[in-house]
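Beneath this line is the structure, given in structure tokens, with notes to follow.
The values are calculated or read from the model by the stated rules, or taken from the named source; none is laboratory data. Everything numeric here is computed off the predicted structure, so don't read it as measured data. FYI the Cβ positions are ideal-geometry reconstructions off the backbone, even for glycines, and counts take in every protein chain you see.
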Amino acid sequence: MSELTILFLRTSPLLCVLVLLLSLPFRVISQDANTEKTILLKLKQQLGNPPSIQSWNSSSSPCNWTGVTCGGDGSVSELHLGDKNITETIPATVCDLKNLTFLEMNFNHIPGGFPKVLYSCTKLQHLDLSQNFFFGPIPDDIDKLSGLRYINLGANNFTGNIPPQMANLTGLQTLFLYQNQFNGTLPKEISKLSNLEELGLAINEFVPSSIPVEFGQLKKLRYLWMRLANLIGEIPESLTNLSSLEHLDLAENDLEGKIPDGLFSLKNLTYLYLFQNKLSGEIPQRVETLNLVEIDLAMNQLNGSIPEDFGKLKKLQLLSLFDNHLSGEVPPSIGLLPALTAFKVFSNNMSGALPPKMGLYSKLVEFDVATNQFSGQLPENLCAGGVLLGAVAFENNLSGRVPQSLGNCDSLLTVQLYSNSFSGEIPAGVWTASNMIYLMLSDNSFSGGLPSKLAWNLSKLELGNNRFSGPIPPGISSWVNLVDFKASNNLLSGEIPVEITSLPHLSNLLLDGNQFSGQLPSKIISWKSLTSLNLSRNALSGQIPKEIGSLPDLLYLDLSQNHFSGEIPLEFDQLKLVSLNLSSNHLSGKIPDQFDNHAYDNSFLNNSNLCAVNPILNFPNCYAKLRDSKKMPSKTLALILALTVTIFLVTTIVTLFMVRDYQRKKAKRDLAAWKLTSFQRLDFTEANVLASLTENNLIGSGGSGKVYRVAINRAGDYVAVKRIWNNETMDHNLEKEFLAEVQILGTIRHANIVKLLCCISSEQLKASCL
């Protein structure tokens with residue numbers, strides 16, 4: 001002990017005792033720190049040693065550990081164990097931390113019922129067990145956690161009723177029970193929580209219930225979230241007493257009746273969500289609160305007009321009134337609001353001109369006025385802020401040109417202006433806006449040609465029923481993300497470029513009702529996603545490419561009213577079409593078997609050269625047509641018959657001439673073979689004799705031959721000719737007999753004996769002239 005200490009002990013015993021007493025708390029604190037370290041290490045083990053809290057170890061102070069907060073006295077006061085991948089139930093050890101006031105274990109995978117072990121945490125004020133797997137009812141004795149000011153049990157699987165004993169937690173400022181499976185009644189007892197500032201009962205399947213009138217007693221309530229809570233009836237007027245209310249969300253219920261006027265008189269009201277109910281009547285015209293940032297009254301049955309007072313809401317960012325029965329004009333003052341980023345009034349009955357300065361004074365992000373009766377021009381400065389994502393104004397009576405400012409709006413994701421009366425050309429920048437996904441311009445009077453370059457990410461291009469002209473540019477090959485290309489009923493012309501077949505994501509290609517000509521490209525192997533192909537009402541020709549039959553997803557095919565010829569490709573049998581139309585072409589041959597049924601009655605009309613195997617379709621039978629094709633048509637048959645007769649006559653005449661010539665030549669040859677032996681002077685030749693040896697001149701016959709009467713001149717002189725004629729070689733004895741007779745008659749001269757004039761002979765015939 002030092003001299004100084006001895007001096008103190010001697011001179012001031014009381015002071016010494018005081019010094020010793022003051023040193024005791026530091027020793028106690030040191031012991032408590034070690035104890036809490038032990039408790040936390042045990043807690044870590046009981047929670048399954050999750051990797052997220054591996055920094056908890058015996059070599060450091062707990063106040064430096066992840067998720068651990070210590071109070072001013074050095075003891076553990078808060079545990080922030082949210083999203084730590086904890087899968088074990090909460091152990092009782094956690095309440096051994098005697099000074100614990102804050103426990104957050106949300107976004108984990110903790111199972112089981114409500115952890116009653118927490119009842120021992122007597123100083124607990126903040127409890128967050130949301131986003132876990134707790135189930136079953138909330139216990140009736142939950143009021144044992146009497147010190148709670150904040151409790152969040154949202155996004156679990158709690159069921160049954162919310163216990164009325166919850167109202168005994170009188171210090172409660174926040175009560176979140178959203179997104180569970182409560183199926184009981186909505187407890188009016190909650191209205192007794194006079195200190196309650198936040199109440200979240202949304203996304204539960206309560207028994208259909210009205211909003212308790214008693215909720216109007218929650219004077220300190222700032223946040224009321226009861227979306228999707230199966231609410232019915234009217235919004236109680238008592239809610240207009242919630243003077244502190246900033247956030248009111250009663251959306252997606254079945255509330256009906258009028259919106260209480262007093263809601264727009266709540267001075268602090270900032271967010272008002274009443275969309276998707278059955279609210280009716282007019283929107284309150286008097287708006288006293290000027291703090292409103294978001295108003296969403298969409299998908300109700302509201303009528304009347306937009307209140308003029310909405311133009312006073314300088315903080316207003318969202319005005320969503322779509323899908324109601326609103327009418328009248330949009331107050332021009334709304335176009336002057338400096339904070340407005342989203343203006344959505346589509347699907348109403350509104351008319352008149354749109355606020356011309358819309359977007360000029362605020363950075364407009366969303367603009368949707370579709371399906372109304374607006375007229376005039378589209379506001380020129382919609383994208384003045386440079387952040388506009390969508391210009392949606394389809395199904396109105398808008399006219400004029402598309403504002404040039406939209407051509408300088410690179411932030412655009414979509415432009416939907418179809419079904420209006422717009423005209424002129426599209427600003428070049430609209431085609432190529434770098435973020436553009438949907439460009440829908442159908443049913444207007446737009447003109448001009450198609451660009452060679454489009455936005456790189458454009459997936460939907462709809463241009464139907466306009467006056468676009470010229471060819472499809474070869475640069476279409478760069479439209480690589482295009483899914484829908486619909487350009488029906490325009491003035492597009494030229495050939496369909498082969499580059500269009502290189503679009504790998506194309507699903508719908510509609511080019512019907514244009515002036516395309518030439519053949520259809522056959523290289524279509526990239527169209528693996530194509531489901532609809534309509535090229536009808538053009539002037540396309542040539543054969544239908546067989547490659548179409550290899551498109552695996554094709555469901556709708558229309559090539560009607562063109563000039564296609566040839567046969568329907570057999571590959572079409574591979575298609576699984578819902579609709580097919582090849583009518584009014586010049587197709588021939590057999591209809592593929594797959595389409596030879598009633599489902600395709602109107603698919604092949606006005607193709608006179610088609611045939612079918614089955615008699616179901618009203619086409620000639622292919623087999624009968626094949627037989628008929630073997631029969632000559634009557635005209636052809638008559639022509640062939642006439643030709644045959646002509647050839648026959650010519651052949652006959654030629655034959656006759658040839659036969660006569662042959663006979664003449666033969667006769668000369670035959671005469672040359674005859675030998676005439678005269679026994680006196682003759683005035684005839686062997687030809688005169690031989691020509692008359694016929695049956696008509698026969699006058700007698702004998703044992704050795706026949707006798708003919710032959711005229712030898714025109715004076716009427718005759719001779720008798722006896723012939724010996726055999727078809728074979730003449731009999732030798734007969735010949736000797738004939739020669740003997742000739743010799744006798746040729747030498748004898750007697751008045752009673754016939755004079756022998758001559759003898760004619762050949763190998764086959766012997767004749768004597770008397």
Subject >> residue 280 vs. criteria in contact (Cβ under 8 Å) with a residue 24 or more places away in the chain and either surrounded by 15 or more Cβ atoms within 10 Å (Cβ to Cβ) or part of a strand (DSSP E or B) (or both) >> reply: yes
Subject >> Hits in the range 335-390 - residues which are surrounded by 23 or more Cβ atoms within 10 Å (Cβ to Cβ) and of a type in the set (Val, Ile, Thr) >> reply: 345, 369
Original post:
Just wondering, is there one or more residues in the range 539-555 that are surrounded by fewer than 15 Cβ atoms within 10 Å (Cβ to Cβ), within 26 Å of residue 493 (Cα to Cα) and at pLDDT 95 or above?
Top reply: yes
Original post:
Can you find even one residue in the range 440-460 that is farther than 19 Å from residue 415 by Cα and among the acidic types (Asp, Glu)?
Top reply: no
Original post:
Assuming residue 347 fulfils every condition listed in (1) among the small types (Gly, Ala, Ser); (2) in contact with a helix residue (DSSP H, G or I) (Cβ under 7 Å, 6 or more places away or on another chain); (3) under 23 Å from residue 419 (Cα atoms) apart from one, which condition is it?
Top reply: (2)
Original post:
Based on what the data block shows, is residue 124 free of Cβ contacts under 8 Å to residues at least 60 places away in the same chain and either part of a strand (DSSP E or B) or farther than 29 Å from residue 38 by Cβ (or both)?
Top reply: no
Original post:
So which residues in the range 531-567 are of a type in the set (Asp, Glu) and closer than 18 Å to residue 485 by Cα, if there are any at all?
Top reply: 553, 558
**OP:** Restrict the check to the range 284-291 and report whether at least one residue is buried (at least 18 other Cβ atoms within 10 Å of the Cβ) and within 22 Å of residue 176 (Cβ to Cβ).
**Re:** no
Original post:
Within the range 202-222, is there a residue that is assigned to a strand (DSSP E or B), touching a residue at least 12 places away in the same chain (Cβ under 8 Å), crowded, with 19+ Cβ neighbours inside 10 Å and aromatic (Phe, Trp, Tyr)?
Top reply: no
**OP:** Could you tell me which of the residues 390, 376, 328 is more than 27 Å from residue 273 (Cα to Cα) and modelled with pLDDT of 95 or more?
**Re:** 376
**OP:** Look at residue 511 and say whether it is crowded, with 18+ Cβ neighbours inside 10 Å and closer than 20 Å to residue 593 by Cα.
**Re:** no
Original post:
Could you say which residue among 414, 371 is within 31 Å of the chain's Cα centre (by Cα) and on the phi > 0 side of the Ramachandran plot?
Top reply: 371
**OP:** Being farther than 24 Å from residue 290 by Cα, at pLDDT 95 or above and among the aliphatic types (A, V, I, L, M) narrows it down to one of 196, 266, so name that one.
**Re:** 196
Subject >> Qualifying residue in the range 244-257 (condition: surrounded by fewer than 17 Cβ atoms within 10 Å (Cβ to Cβ) and under 28 Å from residue 339 (Cα atoms)) >> reply: yes
Original post:
Taking the range 299-321, which residues are surrounded by fewer than 21 Cβ atoms within 10 Å (Cβ to Cβ) and outside any helix (DSSP H, G or I)?
Top reply: 299, 301, 303, 304, 305, 307, 314, 315, 317, 318, 320
Original post:
Scanning for something within 23 Å of residue 111 (Cα to Cα), acidic (Asp, Glu) and part of a loop (DSSP other than H, G, I, E, B), does the range 134-154 turn up at least one residue?
Top reply: no
Subject >> strands (runs of 3 or more DSSP E) completely within the range 488-591 that count 1 or more residues being farther than 29 Å from residue 619 by Cα, more than 17 Å from the chain's Cα centre (by Cα) and assigned by TED's automatic domain parsing to the domain that holds residue 604 >> reply: 491-495, 515-519
**OP:** Go through the residues of the range 529-544 one by one and say whether even a single one is within 21 Å of residue 582 (Cβ to Cβ) and among the basic types (Lys, Arg).
**Re:** yes
